[in-house]
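See below for the structure under consideration.
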Amino acid sequence: MSENRDHYNRGGLLAFGFSMAFVFVFFIYIVFVNKGVDLGENVVDPNAAKGPAGPAFDITTVKEPWVSSPELVAYGKKFFMTNCAMCHGNEGKGDGAAGAALNPKPRNFVEGKWTQGEGIIAHYKVLQHGIPGSSMAAFGHFKPADRWAVLQFIESITNNKSKDDPAKVAEFAKTAQ
C-alpha cells in the first residue's frame, strides 16, 4: 500500500510566510513610523517681494483711479503682467507668446497706433467691450479700478499719449462700469 503523505514544498511555505511578515512590517513602518523623505528642496516664490515688504497698495482705496499716480501705474503694471502680457508681451510691444498665433497680431502699446480711437476714454471702452472681429476680448469682468490702473500703465509706456481733457475723463469715469 502506498503511504498517505501530504506533499508540499516546506521551503516555499517558509519563504511565503517570511515575505508576508516582511511586507506587513514594512507597511506599518511606512504608514506609522517613517516621517517621509526630505529632499532638501527650498521652494522660493519668484513673485515674492525681495527685501522688506512695504505696505501693499490697495486699489479699492483710490478715489479717482483715472488720475495717474506712481502707485497706480505700478499696480497697473502688475495687473498687466498677470492678465495682458501673454498676448501683448512684457513690455507691451505686442510680442507675447500667446499673441504669436493670433491674427491680427496684438496691439503694440509702445508705438501707440490706435485703431479704435485715441485717448484713454476710447481705450477704456476697448478694454471693457473688446474689439469685434479681432482677438481682443472684452474684459468687462475686471473691476473698473483695475481697468483704469492697466490703462494708466499703458499710458506710461506709450509714445502716443492721450490728449483727452481731464474733466471729460473724470465725467466719463463716474459713469463707467
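Bear in mind these aren't lab numbers, they're just calculated from the coordinates by the rules spelled out. Predicted model only: the values in this text are computed from it and were never measured. Note that each Cβ is placed from the backbone with ideal geometry, even for glycine, and that neighbours are counted across all protein chains shown.
Some points to look at:
- Counted without the sites themselves, the longest stretch of the chain free of trypsin sites (Lys or Arg not before Pro) in a DSSP loop having at most 16 other beta carbon atoms within 10 Å is 114-160.
- ³J(HN,Hα), Karplus 6.51/-1.76/1.60, whole Hz, each residue of region 9-18, x for Gly, Pro: 8, 5, x, x, 5, 5, 5, 5, x, 5
- Summarising the label geometry, the points placed 7 Å from Cα in the beta-carbon direction at PHE142 and ALA170 lie 2.4 nm from one another.
- Reported value for the chain: 289 Å³ per residue, from the convex hull of its C-alpha atoms.
- Between the exposed loop cleavage positions of the chain, defined as GluC sites (Glu not before Pro) in a non-H, G, I, E, B DSSP state with at most 11 neighbouring beta-carbon atoms within 10 angstrom, the longest gap is 42-177.
- Radius of gyration over Kirkwood radius for region 56-140, both on Cα atoms: the Rg/Rh ratio is 0.97.
- Of all lysines in the structure, the ones whose alpha carbon falls short of 17 Å from that of LYS93, not counting any fewer than 8 places away in one chain, are LYS77, LYS78, LYS105, LYS113, LYS161.
- Diffusion constant of region 92-134 at 4 °C, which comes from Stokes-Einstein with the Kirkwood Cα-pair radius and 1.567 mPa s, µm²/s: 116 µm²/s
- Positive minus negative residues near GLY94 (Lys, Arg vs Asp, Glu; Cβ under 11 Å): +1
- 3J(HN,Hα) along region 159-170, derived from phi through the Karplus expression 6.51 cos²θ - 1.76 cosθ + 1.60 where θ = phi - 60°, amounts to 8, 10, 5, 5, 10, 5, 5, x, 5, 5, 5, 5 Hz, with x in place of Gly and Pro.
- From the largest down, region 115-169 spans 27, 24, 21 angstrom on the principal axes of its Cα atoms.
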